[in-house]
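Coordinate-derived values only; no laboratory data. All values reported here derive from a predicted model rather than from experimental measurement. All Cβ positions, even for glycine, are placed from backbone atoms using ideal geometry, and neighbour counts span all protein chains on display.
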Amino acid sequence: MKTSAKPRPRRLQEDTASFWGMAIASVAVTMFILALRTLGTLEWIELVTYDWMVRRQSPRPPDTRILVVGITEQDIQDRDGMLQFPDQVYADLFAKLLAAKPRAVGLDIWRDRPVEPGHAAFVQQLQRSDRIIGITKLGDANQPAIAPPKALPPEQIGFNDVLVDKDDVIRRVLLFGPEESTAFSLQLALRYLRDDKIESEASPLNPAYMRLGPTDFIPLQSSEGGYTNVDARGYQVLLTYRGGLKSIPMVSLGDVMQGRVPPEQIQNRIVLIGNVAESAKDFFSTPYSAGQTDDRRVPGVMVHAQMVSQFLDAATGTRPLRWAWPDGAEGLWILAWAVLGGLLAGRSRRPLFLFLATPLSMLGLLGACFFVFSQSGWIPLVPPGLAFLIAMGSVVAYSAQQAKQQQQIVMRLLGQSTSPEIAATLWQRRDELLENGQLPGQRLTATLLFTDLKGFSTIAEKYSPEQLLVWLNEYLDWMATHVQQHQGVINKFTGDGIMAVFGVPIAHEQPDEIRQDARHAVDCAIAMAQTLEPLNQRWAAVGLPVVEMRVGIFTGPVVVGSLGSRIRLEYGVIGDSVNIASRLESLDKDRQPSPCRILIAGETRDCLQEDYALEPWGEMHLKGKAVQVNVFRVLGQNLNR
């Protein structure tokens, strides 16, 4: 007989409660993660993951529009170890470079005062071309400002201040400073682009924003990307590195001065001149630094070259600027992963599934963030990952608590009367059985077994309550053990009697399963009969009562489920089959041909085939039944088969 479907209203009610529980947990976890972000707790790890993704990007080819002329340790040694070269050196260098017709030349060396010899020649070279860009320093509370070379007009001067994050890594660019000052790298890029007829203009998005070619330079916000209340004063954008040191071509000062650099390597390029020697101590950390064993810090002139490369790519539409989502979108992104973690934990009861789903989900998150990063976007990676794990852990913990409560309900309903196999199966399939803290009514076919002791009332009159309790508990313990060993469930103890059910709480639908339940019940009764004889012998030896027992067994339809209230529940088995089994046990009480009489009806006999020796008792009238029942006494297993 097939099990009826679960009541939809209860299932819907349970799903709705589960949904709202996971929704509340997901929102709470998201708010917690957003609070951590606001406090800056996650900033350092978000920046670390940002650097990791920078290093994992495919390297771009070297930017042949730029050439760095580096002042190396060898150049310094060639001039007797002087860190500050005289002006004549740079005057000669400018003469050689300008002869090769570069688009712009940037001197990333302080020249705020004359350094003889050669200052006049140096000034002459500066005044000779509008393609030379010098540097100034804006200064701050820790370092004073440094003036630019006096011979250069304002449009050929740029500040070379760099923005260093708390972990000493450069990830941002300051485009414009106070009093309309312009960054050194941006001045070089603008001078290069002027030859291509590309000029900066006001952005249609906001007149205060700069547009260069097709790209709008949208200022960095204080909490953009992984930053938390970063100092975003001025006009800043994220620095998108082209790559490591090898992404910008470099020659030494000595190579240029000795004519080892062909003119075509300089022509139409931006040439940056700066220190790359360790002794100059002009080095900074970049996102690539953590992945390097050597050259962990990058010369400042190389950082400026990376900025120039970014501006040129943005102005020509080759490489967009790094962008990030607004706070609202990031919050929804984190919430989505919190919901996913809650759903996976809430819908799965199998640890193996969660064990596999968790790393796969984290790989999916990493893949999504890295893909967006490769498209110049920066969306949160660490916060949604934490939200996913915390939401999953919270739901798992909640589910474990709920499971514990459900287990308590099940054990309160069934006591400890089930076999280990049934208990394990019951718990594995608890979702099919439990709804709103109760076992829903379920129609199935089961085999009922009732036992009772003959003349128990007379026995009770002869012994003290204490003696009777010890004796009765020993008897019931033996009988209950047989029920468990034969896959039965003890529904209740009725004083000296037992009511057991075979085929619950997991419904057996196949005919072979129903027949097996009947066989288990009959085998259990036979085992009880075999145990009763040695028990009687031992009891007789110590002056305890010797007893006879009756067993009634019937196979038929019943409805099972929880009965009672939240205060007290019991596992109920209801139906006419229960009455028939009980009446078989009490049928014709004086007809006791053996110490343990086992009676079954024809419905159970049909399940046994020929494996048992049976004694027909014929059609008999049971108390309260209008229809007679075909009754058989079980003699034992049929040993002749």
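A few points about this structure:
- Set of lysines with alpha-carbon distance to Lys197 below 17 Å, sequence-local pairs under 8 removed: none
- Start at zero, step by 10 Å, and the Cα-Cα distances of segment 599-641 spread as 30, 49, 18, 4 percent across the bins.
- Taking all C-alpha pairs of segment 418-637, those more than 28 Å from each other amount to 30 percent.
- Over the chain: helical MRE at 222 nm, DSSP H runs n ≥ 4 each giving -39500 (n - 2.57), nearest 500: -14000 deg cm²/dmol
- Farthest positive-ward along the chain dipole, Cα basis, beta-carbon charges - from Pro154, Pro214, Gly341: Gly341
- The amide H of Lys492, built 1.01 Å from its N in the peptide plane, has Met499 as neighbours under 5 Å, considering only residues 5 or more places off or on other chains.
- Segment 418-637 - share of DSSP beta bridges that are antiparallel (%, nearest 5): 90 percent
- Each of Arg260, Arg242 was scored by other Cβ atoms within 10 Å of its Cβ. Arranged with the fewest first, they read Arg260, Arg242.
- Nearest-ten-degree value, helix 465-485 long axis tilted from longest Cα axis of the chain: 60 degrees
- Using every pair of distinct Cα positions in segment 61-318, the Kirkwood expression returns a hydrodynamic radius of 18.8 angstrom.
- Taking a sphere under 14 Å around the Cβ of Gln265 and counting the other residues whose Cβ falls inside, with K and R at +1 and D and E at -1, yields a net charge of +3.
- Note, ³J(HN,Hα) from phi for segment 548-553, Karplus 6.51, -1.76, 1.60, rounded to Hz, x at Gly and Pro: 10, 9, 10, 10, x, 10
- Placing unit charges on the Cβ atoms only, positive for Lys and Arg and negative for Asp and Glu, gives the chain a dipole magnitude near 960 debye about its Cα centre.
- Cα-based helix-to-principal-axis angle, 327-347 vs the chain, degrees rounded to 10: 30 degrees
- Taking amide H positions as modeled 1.01 Å from N, with prolines and chain starts lacking one, the residues under 5 Å from Trp378 and 5 or more places away or on another chain are Trp323, Ala324, Trp325.
- Taken about its Cα centre, segment 61-318 carries a charge dipole of roughly 440 debye when the Cβ of each Lys and Arg holds +1 and the Cβ of each Asp and Glu holds -1.
- Amide H contacts of Leu272: Leu67, Val68, Val69, Gly106, each under 5 Å away and 5 or more positions distant or on a separate chain (H built 1.01 Å from N in the peptide plane; Pro and chain starts excluded).
- All-pairs alpha carbon distance profile, segment 31-77, 10 Å steps from 0, percent: 19, 21, 24, 21, 12, 3
- Acute angle (nearest 10 degrees) that the helix 576-586 long axis makes with the longest principal axis of the chain, alpha-carbon atoms: 40 degrees
- With 21 Å as the limit on Cα-Cα distance, the pairs of Lys166/Lys246; Lys101/Lys281; Lys454/Lys492; Lys454/Lys625; Lys589/Lys625 that go past it are Lys166/Lys246; Lys101/Lys281; Lys454/Lys625.
- Bridges between two residues of the chain, per DSSP, are antiparallel at a rate of about 70%.
- Couplings for segment 362-374, taken from phi via the Karplus curve 6.51 cos²θ - 1.76 cosθ + 1.60 with θ = phi - 60°, read 5, 5, x, 4, 4, x, 5, 5, 5, 4, 4, 5, 5 Hz in order; Gly and Pro are left as x.
- The fewest-to-most ranking of Ile248, Ile514, Ile553, Ile45 by surrounding Cβ atoms within 10 Å reads Ile45, Ile514, Ile248, Ile553.
- Residue order, fewest to most beta carbons within 10 Å, for Thr316, Thr494, Thr445, Thr215: Thr494, Thr316, Thr215, Thr445
- Cross-link reach list, aspartates and glutamates versus Lys462, counting only Cα pairs under 20 Å and skipping chain neighbours closer than eight places: Asp452, Glu474, Asp496, Glu548
- Percent antiparallel among DSSP beta bridges (both partners in segment 61-318, rounded to 5): 45 percent
- Computed from phi, the 3J(HN,Hα) profile of segment 272-278 under the Karplus parametrisation 6.51, -1.76, 1.60 (θ = phi - 60°) reads 10, 10, x, 6, 10, 7, 4 Hz, with x in place of Gly and Pro.
- Listed residues Ile132, Leu449, Val115: farthest to the positive end of the dipole of the chain (Cβ charges): Leu449
- Neighbour net charge for Phe456 - beta-carbon separation under 14 angstrom, K R +1, D E -1: -1
- Charge dipole of segment 418-637 about the Cα centre (unit charges at C-beta), most positive-ward option of Ala527, Ala601, Gln510: Ala601
- A simple charge model with +1 on the Cβ of Lys and Arg, -1 on the Cβ of Asp and Glu and nothing else charged puts the dipole of segment 297-367 at about 340 debye relative to its Cα centre.
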